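Enquirer: Quick one: the structure is below, and I'll ask about it shortly.
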Amino acid sequence: MTAVAILVALAALARIGRPSPGLDEARARTLLGEDFPDRNIDQLWIAREGRGALARSGACALVLIQVGDGYAARRLSWGQASSAMFRNGRLNIRLDEMAAPRAVLAFDNWPPKDLAA
């Protein structure tokens, strides 16, 4: 009986996801490079608390968003990303996908001062 209880407890603990470490520039570049190996990153901005990132790659925007204990990457036009609504410290980018309708990234300001034209 005790052995069964221990096994049930271990199974329950095994299902608890470990929090993913926050993004830093190196990790964001690695993750984006895995999903978009043909894209060069011109500029990269990491969201507050490392929960996402936005990169400019020519006329494209590459977005990393935290999903569960991992990250999902999406590509869209830079115009769509740069014109996204910024309110209350959050950039709300419409992805227009049923599985991921939008990406919400927390930044101190948008557009950032280092944004290249």
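Enquirer: Measuring with a 1.4 Å probe in the full set of protein chains, what accessible area per residue, in whole Å², belongs to the stretch 31-109?
Expert: Working: 4380 Å² over 79 residues.
With the other protein chains kept in place, the stretch 31-109 gives 55 Å² per residue.
Enquirer: Let me ask something else. At 0.36 nm per residue, minus the direct Cα-Cα distance, what do Asn92 and Glu25 gain on full extension? Give it in nm, one decimal, please.
Expert: Details: separation 67, 0.36 × 67 = 24.12 nm, distance 2.09 nm.
Taking Asn92 through Glu25 to full extension adds about 22.0 nm, to one decimal.
Enquirer: Still on this structure: Using unit Cβ charges (K, R positive; D, E negative) and no other charged atoms, how large, in debye to the nearest 20, is the dipole of the stretch 73-117 about its Cα centre?
Expert: 60
Enquirer: Around Ala81, what is the net charge, scoring Lys/Arg as +1 and Asp/Glu as -1 over all other residues with Cβ under 15 Å from its Cβ?
Expert: On the way: positive: Arg39, Arg56, Arg74, Arg75, Arg90, Arg94, Arg102; negative: Asp42, Asp96, Glu97.
Combined, the nearby Lys, Arg, Asp and Glu give +4.
Enquirer: While we're on this one: For Ala28, what charge total do you get from the other residues with a beta carbon under 15 Å from its beta carbon, if Lys and Arg give +1 and Asp and Glu give -1? Can you show the working numbers first?
Expert: Details: positive: Arg27, Arg29, Arg39, Arg48, Arg51, Arg56, Arg74, Arg75; negative: Asp24, Glu25, Glu34, Asp35, Asp42, Glu49.
Spelling it out: positives minus negatives among the neighbours equals +2.
The values are calculated or read from the model by the stated rules, or taken from the named source; none is laboratory data. These figures come from a predicted structure and were not determined experimentally. Here the Cβ is made from the backbone with ideal geometry for all residues, glycine too, and neighbour counts use every protein chain on show. With ligands, DNA and RNA removed, areas are computed over all heavy atoms of the protein, side chains included. Shrake-Rupley method; radii C 1.70, N 1.55, O 1.52, S 1.80 Å.
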